[in-house]
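The values are calculated or read from the model by the stated rules, or taken from the named source; none is laboratory data. Note that the structure is a prediction, hence the values are computed from the model and not measured. With ideal geometry, Cβ positions are generated from the backbone for all residues, glycine too; neighbour counts draw on all protein chains shown. Protein only, heavy atoms only, side chains kept; ligands, DNA and RNA dropped before computing areas. Shrake-Rupley method; radii C 1.70, N 1.55, O 1.52, S 1.80 Å.
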2 protein chains.
Amino acid sequence: MLHEEVVGRIRAILLDGEIPPGARIPERELCERLEISRTPLREALKVLAAEGLVQLLPHRGSRAAKLTDKDMRDLFEVCQGLEALAGELACERISDAEIDTIAAAHADMVQHYRERDLIQYYRGNRAIHEAIVNAAGNPVLAGLYASVTARIRRARYVTPMTPQRWALAVKEHEAILNALQRRDGVGLAHILRAHLRHKREEVLQAGFAETEGNDVTLSIA
Amino acid sequence: MLHEEVVGRIRAILLDGEIPPGARIPERELCERLEISRTPLREALKVLAAEGLVQLLPHRGSRAAKLTDKDMRDLFEVCQGLEALAGELACERISDAEIDTIAAAHADMVQHYRERDLIQYYRGNRAIHEAIVNAAGNPVLAGLYASVTARIRRARYVTPMTPQRWALAVKEHEAILNALQRRDGVGLAHILRAHLRHKREEVLQAGFAETEGNDVTLSIA
DNA sequence: TTTTGCATTTTTGAATGCAAAATTTGCGAT
DNA sequence: ATCGCAAATTTTGCATTCAAAAATGCAAAA
(Lines give C-alpha, C1' and ligand atoms only; values in the text may rest on other atoms or scores of the structure.)
Protein backbone atom coordinates (compact mmCIF):
# COMPACT_ATOMS: atom_id res chain seq x y z
CA MET A 1 0.00 0.00 0.00
CA LEU A 2 1.69 3.18 -1.17
CA HIS A 3 1.38 6.57 0.50
CA GLU A 4 -0.11 8.15 -2.55
CA GLU A 5 -2.77 5.50 -2.59
CA VAL A 6 -3.67 6.10 1.04
CA VAL A 7 -3.81 9.85 0.50
CA GLY A 8 -5.90 9.34 -2.61
CA ARG A 9 -8.35 7.02 -0.92
CA ILE A 10 -8.88 9.29 2.05
CA ARG A 11 -9.22 12.25 -0.26
CA ALA A 12 -11.89 10.35 -2.16
CA ILE A 13 -13.69 9.58 1.08
CA LEU A 14 -13.66 13.25 1.99
CA LEU A 15 -14.71 14.39 -1.48
CA ASP A 16 -17.54 11.90 -1.50
CA GLY A 17 -18.75 13.54 1.65
CA GLU A 18 -18.69 10.19 3.39
CA ILE A 19 -17.06 11.99 6.27
CA PRO A 20 -19.05 15.22 6.48
CA PRO A 21 -17.37 18.59 7.06
CA GLY A 22 -16.54 19.18 10.68
CA ALA A 23 -16.86 15.52 11.59
CA ARG A 24 -14.13 13.79 13.49
CA ILE A 25 -11.93 11.37 11.62
CA PRO A 26 -11.55 8.29 13.80
CA GLU A 27 -8.07 6.96 13.18
CA ARG A 28 -8.71 3.45 14.36
CA GLU A 29 -11.80 3.04 12.30
CA LEU A 30 -10.14 4.26 9.12
CA CYS A 31 -7.18 2.01 9.82
CA GLU A 32 -9.39 -1.04 9.94
CA ARG A 33 -11.25 0.00 6.84
CA LEU A 34 -8.14 0.67 4.77
CA GLU A 35 -6.36 -2.27 6.38
CA ILE A 36 -3.31 -0.27 7.29
CA SER A 37 -1.76 0.73 10.59
CA ARG A 38 -1.94 4.15 12.12
CA THR A 39 1.49 5.27 10.95
CA PRO A 40 0.78 5.61 7.23
CA LEU A 41 -2.70 6.86 8.00
CA ARG A 42 -1.38 9.67 10.13
CA GLU A 43 1.18 10.55 7.47
CA ALA A 44 -1.62 10.79 4.96
CA LEU A 45 -3.70 12.97 7.26
CA LYS A 46 -0.79 15.35 7.63
CA VAL A 47 -0.56 15.68 3.87
CA LEU A 48 -4.28 16.29 3.57
CA ALA A 49 -4.04 18.87 6.30
CA ALA A 50 -1.39 20.67 4.27
CA GLU A 51 -3.83 20.58 1.35
CA GLY A 52 -6.52 22.11 3.48
CA LEU A 53 -8.92 19.19 3.41
CA VAL A 54 -8.24 18.12 6.97
CA GLN A 55 -7.92 20.11 10.13
CA LEU A 56 -5.53 18.93 12.83
CA LEU A 57 -6.13 19.87 16.45
CA PRO A 58 -3.28 19.11 18.84
CA HIS A 59 -4.12 16.19 21.08
CA ARG A 60 -7.67 16.31 19.83
CA GLY A 61 -7.38 14.45 16.60
CA SER A 62 -8.27 15.39 13.08
CA ARG A 63 -11.51 16.62 11.60
CA ALA A 64 -12.73 16.96 8.06
CA ALA A 65 -12.21 20.64 7.33
CA LYS A 66 -15.26 22.71 8.05
CA LEU A 67 -15.44 25.66 5.72
CA THR A 68 -17.21 28.85 6.59
CA ASP A 69 -18.91 31.06 4.05
CA LYS A 70 -15.87 33.26 4.20
CA ASP A 71 -13.62 30.32 3.43
CA MET A 72 -15.76 29.53 0.43
CA ARG A 73 -15.67 33.06 -0.88
CA ASP A 74 -11.91 33.04 -0.50
CA LEU A 75 -11.60 29.75 -2.33
CA PHE A 76 -13.81 30.94 -5.17
CA GLU A 77 -11.83 34.13 -5.51
CA VAL A 78 -8.56 32.26 -5.75
CA CYS A 79 -10.07 29.63 -8.02
CA GLN A 80 -11.23 32.20 -10.50
CA GLY A 81 -8.02 34.15 -10.21
CA LEU A 82 -6.13 31.00 -11.13
CA GLU A 83 -8.50 30.35 -14.01
CA ALA A 84 -7.91 33.85 -15.31
CA LEU A 85 -4.17 33.41 -15.11
CA ALA A 86 -4.44 30.02 -16.79
CA GLY A 87 -6.53 31.49 -19.58
CA GLU A 88 -4.04 34.21 -20.27
CA LEU A 89 -1.12 31.82 -20.30
CA ALA A 90 -3.01 29.26 -22.34
CA CYS A 91 -3.53 31.81 -25.10
CA GLU A 92 0.20 31.99 -25.60
CA ARG A 93 0.83 28.28 -25.60
CA ILE A 94 -2.26 26.40 -26.60
CA SER A 95 -2.06 24.24 -29.69
CA ASP A 96 -4.69 24.12 -32.40
CA ALA A 97 -5.47 20.58 -31.39
CA GLU A 98 -6.09 21.62 -27.81
CA ILE A 99 -8.33 24.43 -28.95
CA ASP A 100 -10.28 21.97 -31.06
CA THR A 101 -10.68 19.69 -28.07
CA ILE A 102 -11.94 22.53 -25.92
CA ALA A 103 -14.24 23.72 -28.69
CA ALA A 104 -15.71 20.24 -28.91
CA ALA A 105 -16.15 20.11 -25.16
CA HIS A 106 -17.79 23.50 -25.32
CA ALA A 107 -20.22 22.37 -28.02
CA ASP A 108 -20.97 19.36 -25.89
CA MET A 109 -21.62 21.54 -22.88
CA VAL A 110 -23.90 23.85 -24.83
CA GLN A 111 -25.86 20.83 -25.97
CA HIS A 112 -26.33 19.78 -22.35
CA TYR A 113 -27.41 23.34 -21.60
CA ARG A 114 -30.06 23.12 -24.32
CA GLU A 115 -31.26 19.89 -22.79
CA ARG A 116 -31.18 21.51 -19.37
CA ASP A 117 -29.09 18.60 -18.12
CA LEU A 118 -27.31 20.31 -15.28
CA ILE A 119 -25.16 17.39 -14.23
CA GLN A 120 -23.73 16.87 -17.68
CA TYR A 121 -23.41 20.61 -18.18
CA TYR A 122 -21.48 20.77 -14.99
CA ARG A 123 -19.14 18.00 -16.08
CA GLY A 124 -18.49 19.72 -19.38
CA ASN A 125 -17.88 23.00 -17.63
CA ARG A 126 -15.33 21.45 -15.36
CA ALA A 127 -13.65 19.64 -18.23
CA ILE A 128 -13.25 22.91 -20.12
CA HIS A 129 -11.71 24.74 -17.21
CA GLU A 130 -9.36 21.86 -16.53
CA ALA A 131 -8.39 21.75 -20.19
CA ILE A 132 -7.60 25.46 -20.14
CA VAL A 133 -5.54 25.07 -16.99
CA ASN A 134 -3.65 22.21 -18.58
CA ALA A 135 -3.14 24.18 -21.77
CA ALA A 136 -1.41 26.84 -19.69
CA GLY A 137 1.47 24.38 -19.48
CA ASN A 138 2.24 25.29 -15.90
CA PRO A 139 2.21 22.32 -13.51
CA VAL A 140 2.56 24.56 -10.48
CA LEU A 141 -0.58 26.39 -11.48
CA ALA A 142 -2.32 23.13 -12.25
CA GLY A 143 -1.42 21.77 -8.84
CA LEU A 144 -2.74 24.77 -6.96
CA TYR A 145 -5.88 24.75 -9.08
CA ALA A 146 -6.49 21.10 -8.33
CA SER A 147 -6.07 21.71 -4.63
CA VAL A 148 -8.44 24.66 -4.58
CA THR A 149 -11.13 23.01 -6.68
CA ALA A 150 -10.91 19.88 -4.55
CA ARG A 151 -11.65 21.90 -1.45
CA ILE A 152 -14.55 23.62 -3.16
CA ARG A 153 -16.03 20.40 -4.48
CA ARG A 154 -15.68 18.74 -1.13
CA ALA A 155 -17.73 21.41 0.53
CA ARG A 156 -20.57 20.78 -1.89
CA TYR A 157 -21.04 24.47 -2.18
CA VAL A 158 -23.14 25.71 -5.01
CA THR A 159 -24.08 29.02 -6.49
CA PRO A 160 -27.74 29.58 -7.15
CA MET A 161 -28.34 29.04 -10.84
CA THR A 162 -31.30 30.89 -12.22
CA PRO A 163 -32.16 30.47 -15.88
CA GLN A 164 -30.81 33.95 -16.47
CA ARG A 165 -27.54 33.20 -14.77
CA TRP A 166 -27.24 29.93 -16.61
CA ALA A 167 -27.73 31.66 -19.93
CA LEU A 168 -25.18 34.28 -18.98
CA ALA A 169 -22.69 31.60 -18.00
CA VAL A 170 -23.08 29.96 -21.39
CA LYS A 171 -22.56 33.29 -23.11
CA GLU A 172 -19.47 33.95 -21.07
CA HIS A 173 -18.14 30.57 -22.05
CA GLU A 174 -18.75 31.47 -25.67
CA ALA A 175 -16.64 34.58 -25.16
CA ILE A 176 -13.96 32.57 -23.39
CA LEU A 177 -13.74 30.08 -26.24
CA ASN A 178 -13.66 32.93 -28.71
CA ALA A 179 -10.81 34.69 -26.99
CA LEU A 180 -8.94 31.39 -26.81
CA GLN A 181 -9.39 30.81 -30.51
CA ARG A 182 -8.15 34.30 -31.21
CA ARG A 183 -5.42 33.65 -28.67
CA ASP A 184 -6.35 36.96 -27.11
CA GLY A 185 -4.80 36.55 -23.71
CA VAL A 186 -5.50 40.03 -22.45
CA GLY A 187 -9.11 39.86 -23.60
CA LEU A 188 -9.57 36.45 -22.06
CA ALA A 189 -8.12 37.56 -18.78
CA HIS A 190 -10.48 40.49 -18.89
CA ILE A 191 -13.48 38.28 -19.47
CA LEU A 192 -12.52 35.88 -16.71
CA ARG A 193 -11.72 38.64 -14.27
CA ALA A 194 -14.98 40.42 -15.00
CA HIS A 195 -16.66 37.09 -14.43
CA LEU A 196 -14.92 36.95 -11.09
CA ARG A 197 -16.18 40.39 -10.10
CA HIS A 198 -19.71 39.59 -11.23
CA LYS A 199 -19.83 36.48 -9.15
CA ARG A 200 -18.22 38.00 -6.09
CA GLU A 201 -21.40 38.39 -4.12
CA GLU A 202 -23.30 35.48 -5.52
CA VAL A 203 -21.57 32.70 -3.70
CA LEU A 204 -23.62 31.41 -0.86
CA GLN A 205 -24.17 28.21 0.93
CA ALA A 206 -26.89 25.96 -0.28
CA GLY A 207 -25.91 22.93 1.75
CA PHE A 208 -25.77 19.57 0.13
CA ALA A 209 -27.65 20.35 -3.02
CA GLU A 210 -29.99 17.75 -4.34
CA THR A 211 -30.04 18.44 -8.01
CA GLU A 212 -33.56 17.32 -8.58
CA GLY A 213 -36.55 19.34 -9.55
CA ASN A 214 -36.23 22.90 -10.71
CA ASP A 215 -33.91 24.18 -8.04
CA VAL A 216 -31.09 24.46 -10.49
CA THR A 217 -27.66 24.93 -9.04
CA LEU A 218 -24.14 24.84 -10.29
CA SER A 219 -20.94 25.06 -8.41
CA ILE A 220 -18.51 26.49 -10.91
CA ALA A 221 -19.95 28.54 -13.71
CA MET B 1 7.87 18.70 20.24
CA LEU B 2 4.96 19.66 18.04
CA HIS B 3 4.62 18.72 14.39
CA GLU B 4 4.40 22.28 13.30
CA GLU B 5 7.67 22.98 14.99
CA VAL B 6 9.38 20.10 13.23
CA VAL B 7 7.95 21.18 9.89
CA GLY B 8 9.04 24.74 10.56
CA ARG B 9 12.54 23.78 11.52
CA ILE B 10 13.07 21.57 8.50
CA ARG B 11 11.59 24.23 6.29
CA ALA B 12 14.06 26.71 7.73
CA ILE B 13 16.92 24.29 7.07
CA LEU B 14 15.82 23.94 3.47
CA LEU B 15 15.27 27.68 3.00
CA ASP B 16 18.68 28.42 4.44
CA GLY B 17 20.09 26.17 1.77
CA GLU B 18 21.78 24.10 4.41
CA ILE B 19 20.57 21.10 2.49
CA PRO B 20 21.20 22.08 -1.11
CA PRO B 21 18.65 21.40 -3.86
CA GLY B 22 18.77 17.85 -5.08
CA ALA B 23 20.67 16.60 -2.06
CA ARG B 24 19.47 13.58 -0.16
CA ILE B 25 17.85 14.14 3.19
CA PRO B 26 19.27 11.53 5.55
CA GLU B 27 16.54 10.62 8.01
CA ARG B 28 18.84 9.33 10.69
CA GLU B 29 21.04 12.38 10.66
CA LEU B 30 18.16 14.80 10.90
CA CYS B 31 16.60 12.74 13.67
CA GLU B 32 19.72 13.05 15.77
CA ARG B 33 20.04 16.72 15.06
CA LEU B 34 16.43 17.55 15.92
CA GLU B 35 16.44 15.00 18.74
CA ILE B 36 13.29 13.30 17.58
CA SER B 37 12.53 9.84 16.29
CA ARG B 38 11.85 8.99 12.70
CA THR B 39 8.08 8.97 12.98
CA PRO B 40 7.48 12.70 13.44
CA LEU B 41 10.30 13.47 11.04
CA ARG B 42 8.74 11.41 8.31
CA GLU B 43 5.37 13.03 8.92
CA ALA B 44 7.01 16.42 8.55
CA LEU B 45 8.72 15.37 5.33
CA LYS B 46 5.40 14.30 3.89
CA VAL B 47 3.95 17.71 4.63
CA LEU B 48 6.91 19.46 3.05
CA ALA B 49 6.58 17.21 0.03
CA ALA B 50 2.98 18.35 -0.31
CA GLU B 51 4.28 21.92 -0.19
CA GLY B 52 6.72 21.17 -2.96
CA LEU B 53 9.89 21.71 -0.96
CA VAL B 54 10.75 18.04 -0.69
CA GLN B 55 10.68 15.29 -3.25
CA LEU B 56 9.82 11.77 -2.14
CA LEU B 57 11.07 8.79 -4.09
CA PRO B 58 9.52 5.45 -3.17
CA HIS B 59 12.00 3.28 -1.32
CA ARG B 60 14.71 5.72 -2.18
CA GLY B 61 14.23 8.35 0.44
CA SER B 62 13.60 12.04 0.20
CA ARG B 63 15.56 14.76 -1.49
CA ALA B 64 15.47 18.52 -1.25
CA ALA B 65 13.43 19.51 -4.27
CA LYS B 66 15.54 20.30 -7.29
CA LEU B 67 13.92 22.92 -9.43
CA THR B 68 14.54 23.22 -13.12
CA ASP B 69 14.45 26.49 -15.02
CA LYS B 70 11.00 25.51 -16.17
CA ASP B 71 9.88 25.01 -12.58
CA MET B 72 11.17 28.46 -11.73
CA ARG B 73 9.38 30.10 -14.62
CA ASP B 74 6.20 28.34 -13.56
CA LEU B 75 6.60 29.47 -9.98
CA PHE B 76 7.24 33.07 -11.02
CA GLU B 77 4.23 33.07 -13.25
CA VAL B 78 1.97 31.84 -10.52
CA CYS B 79 3.57 34.12 -7.96
CA GLN B 80 2.90 37.18 -10.03
CA GLY B 81 -0.57 36.00 -10.95
CA LEU B 82 -1.33 35.72 -7.25
CA GLU B 83 0.13 39.16 -6.63
CA ALA B 84 -2.09 40.61 -9.34
CA LEU B 85 -5.15 38.98 -7.85
CA ALA B 86 -4.15 40.16 -4.40
CA GLY B 87 -3.71 43.70 -5.66
CA GLU B 88 -7.12 43.77 -7.24
CA LEU B 89 -8.78 42.39 -4.14
CA ALA B 90 -6.78 44.63 -1.86
CA CYS B 91 -8.11 47.71 -3.65
CA GLU B 92 -11.60 46.79 -2.56
CA ARG B 93 -10.76 46.07 1.03
CA ILE B 94 -7.66 47.90 2.07
CA SER B 95 -7.95 50.37 4.90
CA ASP B 96 -6.42 53.83 4.91
CA ALA B 97 -4.09 52.72 7.66
CA GLU B 98 -2.89 49.79 5.61
CA ILE B 99 -2.30 52.05 2.64
CA ASP B 100 -0.30 54.39 4.83
CA THR B 101 1.80 51.49 6.05
CA ILE B 102 2.49 50.36 2.51
CA ALA B 103 3.23 53.91 1.41
CA ALA B 104 5.75 54.20 4.21
CA ALA B 105 7.34 50.89 3.26
CA HIS B 106 7.44 52.10 -0.31
CA ALA B 107 9.19 55.32 0.64
CA ASP B 108 11.61 53.27 2.64
CA MET B 109 12.27 51.03 -0.31
CA VAL B 110 12.81 53.97 -2.65
CA GLN B 111 15.32 55.36 -0.19
CA HIS B 112 17.21 52.06 -0.29
CA TYR B 113 17.07 52.23 -4.07
CA ARG B 114 18.62 55.69 -4.00
CA GLU B 115 21.36 54.30 -1.78
CA ARG B 116 21.70 51.34 -4.11
CA ASP B 117 21.36 49.04 -1.12
CA LEU B 118 20.00 46.00 -2.86
CA ILE B 119 19.53 43.85 0.21
CA GLN B 120 17.43 46.42 1.99
CA TYR B 121 15.59 47.26 -1.21
CA TYR B 122 14.79 43.61 -1.58
CA ARG B 123 13.46 43.39 1.95
CA GLY B 124 11.25 46.39 1.43
CA ASN B 125 10.00 45.00 -1.84
CA ARG B 126 9.04 41.76 -0.21
CA ALA B 127 7.38 43.55 2.69
CA ILE B 128 5.24 45.56 0.30
CA HIS B 129 4.07 42.56 -1.64
CA GLU B 130 3.31 40.68 1.53
CA ALA B 131 1.37 43.66 2.86
CA ILE B 132 -0.68 43.80 -0.31
CA VAL B 133 -1.40 40.09 -0.13
CA ASN B 134 -2.48 40.47 3.47
CA ALA B 135 -4.61 43.47 2.63
CA ALA B 136 -6.50 41.28 0.18
CA GLY B 137 -8.06 39.70 3.24
CA ASN B 138 -7.98 36.24 1.73
CA PRO B 139 -6.15 33.65 3.84
CA VAL B 140 -6.38 31.04 1.10
CA LEU B 141 -4.60 33.37 -1.25
CA ALA B 142 -2.09 34.30 1.42
CA GLY B 143 -1.35 30.63 2.06
CA LEU B 144 -0.74 29.79 -1.58
CA TYR B 145 1.39 32.90 -1.96
CA ALA B 146 3.50 31.95 1.03
CA SER B 147 4.02 28.46 -0.35
CA VAL B 148 5.03 29.69 -3.79
CA THR B 149 7.36 32.40 -2.54
CA ALA B 150 8.97 29.93 -0.15
CA ARG B 151 9.79 27.64 -3.02
CA ILE B 152 11.20 30.51 -5.03
CA ARG B 153 13.31 31.82 -2.18
CA ARG B 154 14.64 28.40 -1.40
CA ALA B 155 15.95 28.00 -4.90
CA ARG B 156 17.94 31.22 -4.57
CA TYR B 157 16.88 32.15 -8.03
CA VAL B 158 17.37 35.70 -9.10
CA THR B 159 16.55 37.81 -12.07
CA PRO B 160 19.34 39.85 -13.56
CA MET B 161 18.94 43.39 -12.34
CA THR B 162 20.44 45.99 -14.59
CA PRO B 163 20.27 49.63 -13.53
CA GLN B 164 17.58 50.15 -16.14
CA ARG B 165 15.51 47.28 -14.87
CA TRP B 166 15.90 48.40 -11.34
CA ALA B 167 14.72 51.89 -12.23
CA LEU B 168 11.77 50.41 -14.09
CA ALA B 169 10.90 48.25 -11.13
CA VAL B 170 10.83 51.29 -8.87
CA LYS B 171 8.62 53.12 -11.34
CA GLU B 172 6.27 50.19 -11.50
CA HIS B 173 6.08 50.16 -7.75
CA GLU B 174 5.17 53.85 -7.83
CA ALA B 175 2.34 52.98 -10.17
CA ILE B 176 1.25 50.10 -7.96
CA LEU B 177 1.15 52.31 -4.89
CA ASN B 178 -0.73 54.93 -6.86
CA ALA B 179 -3.38 52.51 -8.02
CA LEU B 180 -3.72 51.24 -4.48
CA GLN B 181 -4.21 54.74 -3.13
CA ARG B 182 -6.84 55.37 -5.76
CA ARG B 183 -8.22 51.93 -5.01
CA ASP B 184 -8.18 51.28 -8.73
CA GLY B 185 -8.35 47.50 -8.75
CA VAL B 186 -8.66 47.10 -12.49
CA GLY B 187 -5.80 49.46 -13.11
CA LEU B 188 -3.65 47.76 -10.54
CA ALA B 189 -4.35 44.34 -11.95
CA HIS B 190 -3.41 45.72 -15.34
CA ILE B 191 -0.12 47.07 -14.07
CA LEU B 192 0.76 43.87 -12.27
CA ARG B 193 -0.23 41.70 -15.20
CA ALA B 194 1.76 43.83 -17.61
CA HIS B 195 4.64 43.49 -15.21
CA LEU B 196 4.16 39.75 -15.42
CA ARG B 197 4.28 39.78 -19.19
CA HIS B 198 7.34 42.01 -19.25
CA LYS B 199 9.23 39.74 -16.97
CA ARG B 200 8.15 36.53 -18.66
CA GLU B 201 11.41 35.93 -20.50
CA GLU B 202 13.74 37.53 -18.05
CA VAL B 203 13.78 34.85 -15.44
CA LEU B 204 16.91 32.83 -15.59
CA GLN B 205 19.17 30.98 -13.30
CA ALA B 206 22.03 32.82 -11.72
CA GLY B 207 22.88 30.18 -9.18
CA PHE B 208 23.55 31.22 -5.63
CA ALA B 209 23.93 34.91 -6.17
CA GLU B 210 26.56 36.72 -4.24
CA THR B 211 25.21 40.21 -4.06
CA GLU B 212 28.52 41.94 -4.05
CA GLY B 213 30.04 44.27 -6.56
CA ASN B 214 28.03 45.60 -9.47
CA ASP B 215 26.38 42.41 -10.52
CA VAL B 216 23.10 43.57 -9.20
CA THR B 217 20.38 40.99 -8.87
CA LEU B 218 16.94 40.80 -7.38
CA SER B 219 14.62 37.92 -7.11
CA ILE B 220 11.22 39.56 -7.02
CA ALA B 221 10.89 42.94 -8.62
C1' DT C 1 -31.67 17.56 40.82
C1' DT C 2 -27.60 19.57 39.45
C1' DT C 3 -22.84 20.22 39.79
C1' DT C 4 -18.16 19.14 40.91
C1' DG C 5 -14.24 16.22 41.68
C1' DC C 6 -11.90 12.03 40.73
C1' DA C 7 -10.93 7.60 38.53
C1' DT C 8 -11.28 4.99 34.31
C1' DT C 9 -11.15 4.63 29.54
C1' DT C 10 -10.14 6.12 25.12
C1' DT C 11 -7.37 8.41 21.89
C1' DT C 12 -3.53 10.82 20.39
C1' DG C 13 1.59 11.49 19.78
C1' DA C 14 6.02 9.49 19.62
C1' DA C 15 9.63 5.61 19.98
C1' DT C 16 11.01 1.25 18.83
C1' DG C 17 11.24 -2.98 16.24
C1' DC C 18 10.93 -5.68 12.12
C1' DA C 19 10.62 -6.89 7.19
C1' DA C 20 11.52 -5.43 2.47
C1' DA C 21 14.02 -2.81 -0.80
C1' DA C 22 18.07 -0.45 -2.29
C1' DT C 23 22.82 0.61 -1.97
C1' DT C 24 27.31 -0.66 -1.04
C1' DT C 25 30.98 -3.92 -0.57
C1' DG C 26 33.70 -7.81 -1.56
C1' DC C 27 35.11 -11.58 -4.23
C1' DG C 28 35.96 -14.10 -8.30
C1' DA C 29 36.33 -14.50 -13.30
C1' DT C 30 37.80 -12.77 -17.61
C1' DA D 1 42.89 -4.32 -13.93
C1' DT D 2 38.14 -4.32 -14.76
C1' DC D 3 33.72 -6.08 -15.01
C1' DG D 4 29.96 -8.85 -13.06
C1' DC D 5 27.55 -10.94 -9.54
C1' DA D 6 26.32 -12.02 -4.94
C1' DA D 7 26.51 -11.16 0.05
C1' DA D 8 26.36 -7.66 3.59
C1' DT D 9 24.99 -3.31 5.13
C1' DT D 10 22.23 0.48 5.16
C1' DT D 11 17.88 2.67 4.60
C1' DT D 12 13.19 2.85 3.92
C1' DG D 13 8.28 1.69 5.04
C1' DC D 14 5.09 -0.03 8.13
C1' DA D 15 3.40 -2.35 12.43
C1' DT D 16 3.58 -2.52 17.10
C1' DT D 17 4.31 -0.65 21.55
C1' DC D 18 4.55 2.90 25.13
C1' DA D 19 3.53 7.28 27.37
C1' DA D 20 0.78 11.34 27.79
C1' DA D 21 -3.26 14.02 27.13
C1' DA D 22 -8.16 14.39 26.69
C1' DA D 23 -12.78 12.49 27.04
C1' DT D 24 -15.99 9.92 29.66
C1' DG D 25 -18.44 8.11 33.44
C1' DC D 26 -19.55 7.78 38.15
C1' DA D 27 -20.24 9.12 42.63
C1' DA D 28 -20.73 12.38 46.22
C1' DA D 29 -22.05 16.79 47.86
C1' DA D 30 -24.64 21.04 47.54
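The spacing between region B:83-114 and region A:36-80, judged by their C-alpha centroids, is 32 Å. With a Förster radius of 56 Å applied to the C-beta separation of B:Thr162 and A:Thr68, the computed FRET efficiency comes to 0.75. Under 5 Å between amide hydrogens, built in the peptide plane, is the criterion, and for A:Thr159 it picks out A:Leu218, A:Ser219 among residues at least 5 positions away or on other chains.
Taking the label point 7 Å along Cα→Cβ, A:Ala97 and its counterparts in the other copies are spaced 5.7 nm apart, in ascending order. The residues of the protein assembly as shown expose, per residue, 47 Å² of accessible area to a 1.4 Å probe. Short-range pairs are left out: with C-alpha atoms under 8 Å and at least six residues apart, the relative contact order of chain A is 24 percent.
Model label points for A:Thr101 and B:Asp184, set 7 angstrom from Cα along the Cα-to-Cβ axis, are 4.0 nm apart. Residue by residue, region A:79-86 carries 3J(HN,Hα) couplings of 4, 6, x, 5, 5, 5, 4, 4 Hz when phi is fed to the Karplus relation 6.51 cos²θ - 1.76 cosθ + 1.60 (θ = phi - 60°); x denotes Gly or Pro. Over chain A, DSSP H runs of length four or greater, each weighted -39,500 (n - 2.57), average out per residue to a 222 nm ellipticity of -22500 deg cm²/dmol. In the distance distribution for region A:70-144, Cα-Cα pairs more than 15 Å apart total 58 percent. Association of chains B and A removes close to 3000 square angstrom of accessible area from solvent, both sides included, for a probe radius of 1.4 Å.
Between B:Glu35 and B:Ala194, the FRET efficiency estimated from the beta carbon spacing at R0 = 41 angstrom works out to 0.25.
Across identical copies of the chain, A:Lys171 has label-point separations of 4.0 nm, listed in ascending order, with the point defined 7 angstrom from Cα along Cα→Cβ.
Rolling a 1.4 Å probe across all protein chains gives A:Leu85 an accessible area of roughly 0 Å². Listed cross-link partners A:Lys70/B:Lys66; B:Lys46/B:Lys70; B:Lys70/B:Lys171; A:Lys46/B:Lys66 are compared with a 31 Å cut-off, the Cα-Cα value being larger for A:Lys70/B:Lys66.
Charges were assigned to the Cβ only: +1 to each Lys and Arg, -1 to each Asp and Glu. The resulting dipole of chain B about its Cα centre is roughly 720 debye. Under 5 Å between amide hydrogens, built in the peptide plane, is the criterion, and for A:Ile25 it picks out A:Ser62, A:Arg63, A:Ala64 among residues at least 5 positions away or on other chains.
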